[in-house]
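Below: one structure, written as structure tokens.
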Amino acid sequence: MNTTINSRETGAPILVLVDDAKVLASVRRVAAAVDRCLDEAEHPVSRQQWNRASAVVLDASAARDALTRSPKRTRVFLVCDGTPTVDDWKSATAIGADSVLSLPEEENALVAVLADHVDVSGDGTVVSVVGGCGGGGASATAAAVALTSAARHVPTLLVDVDALGSGADVLLGIETTPGLRWGALTVEGGRLAPDALRDALPAKGKFLRVLASSRREIDGPTVTAVRAVLDAGRSSGGLVVCDVPRHPSEVGQAALEMSDLVLVVVPATVAACVAAEKVGAWVVRHNSNVGLVVRGPAPGGLRGADVADMLGLPLTAVMRGHRSLAPMLERGGLELTRGCPLSAVATAVLDAVESGARPRRAAA
């Protein structure tokens, strides 16, 4: 059972995973001192609880459990009763904890790190899209989900982490729109102010912002930059859609681990399914919440359910062939019309997202 201790703090709570009553009482005193809200939970916790907390305070037992269930994140603090043991230090190192603190002796140190926080709502959602094979349609699917979300007046951020792709801004026809690209993004201390980031990025309409590499960038974003951008996007309370390259990389892994949902887009062909089986194995290694989007046409008659059975992934949506897509992209960027295949798939994906964690709408 989860217990939330209320305070005047309106941001995301501090997730607390501590079994020892004496240490827990100390954490409560610290929270009262810095006027923060605690979410006292029993492990294991959901990925959403873990990702959306403003900080995590845990003991060695919870750290060991989180290693197999939760992605790496910033602002994790391991606490213990008395002098930290070798086991405490090993657990802290493995989970990537910022520090190890002995309570109640080091309550002042915990006060200092918890008082230094970014006030965030933390109720946004991150969806990553990965192609099961080359040319699988992942970028177009990610862009369609972002456009559809923005059309619903949800603040939306489309993040393209594939430096060697054509770029999400090109796909949307806004490559000449002024704004920040990955190469010009500076991340200090692993944090970005959500409002400042949004204001600096190229816009597509009122509710959609896009972050991609410039035409001459080949190195792409760093893991630190990707984590900071996704954290800031989540903090804004809207939807973040991340276009992730299918080849395994540390940057792609970071995006997958921070996502609430990962979509694998697969054409309905046998060859695509063979390639997607490998991609799917990599994705599942880093995120267990995976959905499948099957894209037509199906020259051999493969159905969406058949592809899902072959890959062992739950089917989220099936998209029929989109003959006008290639000419549309050549004429100036992706535009969705009512009833078009991409629009229908994007609607299905957003409905699936909203059934779990609904992005907050902004005023029109």
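Filtered by the rule that a residue be touching a strand residue (DSSP E or B) at 6+ places or on another chain (Cβ under 9 Å), closer than 18 Å to residue 250 by Cβ, surrounded by fewer than 20 Cβ atoms within 10 Å (Cβ to Cβ) and of a type in the set (A, V, I, L, M), segment 265-286 gives a lone residue, 284.
Residues checked against (1) over 30 Å from residue 60 (Cβ atoms); (2) modelled with pLDDT of 95 or more; (3) not in a helix (DSSP H, G or I):
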site: 77; (1), (2), (3): no, yes, yes
site: 94; (1), (2), (3): no, no, no
site: 112; (1), (2), (3): no, no, no
site: 122; (1), (2), (3): no, no, yes
site: 130; (1), (2), (3): yes, yes, yes
site: 136; (1), (2), (3): yes, no, yes
site: 162; (1), (2), (3): yes, no, yes
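Scanning segment 96-110 for residues that are in contact (Cβ under 8 Å) with a residue 60 or more places away in the chain and assigned to a strand (DSSP E or B) yields a single hit, 103. Could you list all residues from segment 164-204 that are assigned to a loop (DSSP other than H, G, I, E, B), over 22 Å from residue 141 (Cα atoms), at pLDDT 90 or above and in contact with a Leu (Cβ under 9 Å, 6 or more places away or on another chain)? Matches in segment 164-204: 179, 180. No other residue among 21, 31, 55, 25 is within 25 Å of residue 90 (Cα to Cα), modelled with pLDDT of 90 or more, buried (at least 17 other Cβ atoms within 10 Å of the Cβ) and of a type in the set (A, V, I, L, M) apart from 55. For segment 11-48, a residue qualifies if it is under 13 Å from residue 104 (Cα atoms), not in a loop (DSSP other than H, G, I, E, B) and not small (Gly, Ala, Ser), and the qualifying residues are 22, 23, 24, 27, 28, 29, 30. Scanning segment 205-231 for residues that are buried (at least 23 other Cβ atoms within 10 Å of the Cβ) and closer than 21 Å to residue 152 by Cβ yields a count of 5.
Looking across segment 333-359, the residues that are modelled with pLDDT of 65 or more, of a type outside the set (A, V, I, L, M, F, W, C) and either closer than 22 Å to residue 175 by Cα or crowded, with 16+ Cβ neighbours inside 10 Å (or both) come down to 333, 335, 337, 341, 343, 347.
The residues in segment 49-61 that are assigned to a loop (DSSP other than H, G, I, E, B) and among the polar types (S, T, N, Q) can be counted, and the count is 1.
Residues being in a helix (DSSP H, G or I) and farther than 19 Å from residue 47 by Cβ: count how many of those fall in segment 229-250. Residues flagged as in a helix (DSSP H, G or I) and farther than 19 Å from residue 47 by Cβ within segment 229-250 amount to 1.
Determine whether segment 318-330 contains at least one residue that is crowded, with 19+ Cβ neighbours inside 10 Å, modelled with pLDDT of 85 or more and out of contact with any Phe, Trp or Tyr (no Cβ under 6 Å at 6 or more places or on another chain). Scanning segment 318-330, I find at least one residue that is crowded, with 19+ Cβ neighbours inside 10 Å, modelled with pLDDT of 85 or more and out of contact with any Phe, Trp or Tyr (no Cβ under 6 Å at 6 or more places or on another chain), so the answer is yes.
The values are calculated or read from the model by the stated rules, or taken from the named source; none is laboratory data. Since the model is a prediction, treat every value here as computed from it, not as a measurement. Please note: Cβ atoms are built from the backbone with ideal geometry, for glycine as well, and neighbour counts cover all protein chains shown.
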